[in-house]
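The block underneath contains the structure these notes are about, expressed in structure tokens.
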Amino acid sequence: MTCMVCELTVIFSVSAGMGTRLLHRTIRKNYFLRHPLPKPTQKQCMLHRTFPKPISNLSCEALVYRRHGAFSDVLHLEEVPLFYNGREDIYIRMLAAPVNPADINMLHGNYGITPCFPAIGGNEGVGEVIKVGCNVNSVKPGDWVIPTDSGFGTWTTHAVCQAHQVTSIPNNISLISAATVSVNPCTAYRMLMDFVTLNPGDTVIQNGANSTVGQAVIQICSSMGINTINVIRDRPNVNALIEKLRSLGATYVITEETLQKQEMADIFKVVERPKLALNCVGGRSAGDLFTHLMDGSTMVTYGGMSRKPTPVPAKAVIFRNIKLYGFWMTQWKKDNLHDVAKIKGMLSDLIEMVRKGHLLEPACTQIPFKEYETAFHDSLNPCGSKNILIME
Ligand SMILES: NC(=O)c1ccc[n+]([C@@H]2O[C@H](COP(=O)([O-])OP(=O)(O)OC[C@H]3O[C@@H](n4cnc5c(N)ncnc54)[C@H](OP(=O)(O)O)[C@@H]3O)[C@@H](O)[C@H]2O)c1
């Protein structure tokens, strides 16, 4: 039975205390974001006590944090109780979950959303449905599901959630593609679809082009016949990276320094100036993009990897009508949670690209869940490969 007050099942049938609060949050949607919930009154809490016991008590092992800080200080593998009510609930075995920059920022408390503590880390991943309650008909045992919204808490062996919290995806793509489709490819897709109308032959310019989002941008544009100018940081083996991004479909791959050189004029003898700029980096890398944009074009900022502000030339926005936007996939998901068809349509387009070999799985280092510390150490010193936790 679900409580009308706070969507919980049996929490207050357990005596009050720290443990109770952990159970409360674990049961409620299995994520701990600060959604404003009406506080149950004393009388309502008494009502909760009359609910029956859960049909089955389960537990999972999860990476839990109780305060913000460095992963080594705050993240711990813990056994967490799960409650499955056999009616509206879905019981999931997590299969794989990546460690994205946003997850690390969330641990540090430097992200747009903050969890209620204790919190389970991880926003992205894929799980397999083990069993569903009698009122659930959107998924069935064996289906693969991904979180519909951010803050799911994917760094866990198992989870219990409700139908609207997950979206089923086909299980005939690779585990890595499935575990990584809902953040970076979706971000690339939305930025290419939602800000300007792009036609074959148009040009998109982006910095941070070697990021996972950047690589998805390259591949989606390539499949749409859109030219890309891809800006990367210089490095000793830069030609190897240029070749790699070209093999994904990049039209041009240049270093940040090239943005200030004559070579840019040569590029624009061949392709149109960009209608759209995607900014992952900020700082000079972003400021130098303005010179090359078409008048009336759009710059979308989605990351700040350099941790420096973007210098915006006044003439770009006054005389050249260049428009500046930010994009945040988390907000897009929140704004579109009700629009299941739109979410499914986006995922279906991306998964079709994966199936056709137009969107490759990102380079990943697979790390057993129990060895999670390695995944986080490596994420501090990225070496071009995303770390992904594999649950067994
Ligand atoms: N707004 C949204 O909705 C949204 C969604 C997804 C991701 N993001 C953001 O997008 C960014 C990339 O995410 P991801 O998962 O694709 O990352 P990723 O695969 O881990 O790649 C990180 C990229 O950042 C680059 N980088 C790191 N420090 C840099 C610096 N100081 N200057 C220039 N480039 C630097 C790296 O360049 P090298 O290749 O040279 O090492 C690498 O290409 C992150 O900021 C993330 O938070 C935002």
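The values are calculated or read from the model by the stated rules, or taken from the named source; none is laboratory data. Just so it is clear, the structure is predicted and the values come from calculations on it, not from any experiment. Neighbour counts are summed over all protein chains in view; Cβ atoms, including those assigned to glycine, are modelled from backbone coordinates with ideal geometry. Please note that ligands, DNA and RNA were not included when accessible areas were found on the heavy atoms of the full protein model with its side chains. Shrake-Rupley method; radii C 1.70, N 1.55, O 1.52, S 1.80 Å.
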(request) Find out how many positive minus negative residues lie around A178, taking Lys and Arg as positive, Asp and Glu as negative, among other residues whose Cβ is under 11 Å from that of A178. (result) -3
(request) Tell me the label-point distance for the pair H358, R66, using the 7 Å Cα-to-Cβ offset, in nm and rounded to one decimal. (result) 5.0
(message) How much length would be gained if the chain were fully extended between H377 and T365, taking 0.36 nm per residue of separation minus their Cα-Cα distance, in nm to one decimal?
(response) 3.1 nm
(request) Could you work out the per residue convex hull volume over the alpha carbons of the stretch 184-330, in cubic angstrom? (result) 103
(message) Net charge within 15 Å of V317 by Cβ-Cβ distance, Lys/Arg positive one each and Asp/Glu negative one each, not counting V317 itself?
(response) +2
(request) Treat every Asp and Glu Cβ in the stretch 249-340 as -1 and every Lys and Arg Cβ as +1, leave all other atoms uncharged, and give the resulting dipole magnitude about the Cα centre to the nearest 20 debye. (result) 260
(request) For N171, list long-range residues whose amide hydrogen, built 1.01 Å from N in the peptide plane, is under 5 Å from its own amide hydrogen. (result) W144
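Please give the FRET efficiency for N135 paired with E79, using the beta carbon to beta carbon distance and R0 = 22 Å, rounded to the nearest 0.05.
On the way: r = 28 Å, r/R0 = 1.28.
Once rounded, the FRET efficiency stands at 0.20.
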(request) Keeping all protein chains in place, calculate the accessible area per residue for the stretch 50-147 (probe 1.4 angstrom), answer in Å². (result) 39
(message) Skipping prolines and chain starts, which residues have an amide H placed within reach, meaning under 5 Å, of the one on S59, given they are 5 or more residues away or on another chain?
(response) L82
(message) Amide H of V166 versus every other amide H placed in the peptide plane: which residues, excluding those fewer than 5 positions away on the same chain, fall under 5 Å?
(response) T148
(request) Consider all pairwise Cα distances in the stretch 92-214 and report the whole-number % of them above 24 Å. (result) 36
(request) At 0.36 nm per residue, minus the direct Cα-Cα distance, what do D349 and T114 gain on full extension? Give it in nm, one decimal, please. (result) 81.5 nm
(request) Determine the per residue accessible area of the stretch 197-286 with all protein chains present and a 1.4 angstrom probe, expressed in square angstrom. (result) 41
(request) Starting from the stretch 225-328, pick out the chymotrypsin sites (Phe, Trp or Tyr not before Pro) whose DSSP state is loop and whose Cβ has at most 13 other Cβ atoms within 10 Å. (result) F319
(message) Tell me the carbon and sulfur percent of the accessible area for the stretch 184-330, rounded to whole percent, probe radius 1.4 Å.
(response) 53
(message) For the pair M193/R235, report the inter-label distance in nm, with labels modelled 7 Å from Cα in the Cβ direction.
(response) 3.1
(request) Go through 358-368, 331-341 and give me the packing order, highest mean Cβ count within 10 Å leading. (result) 358-368, 331-341
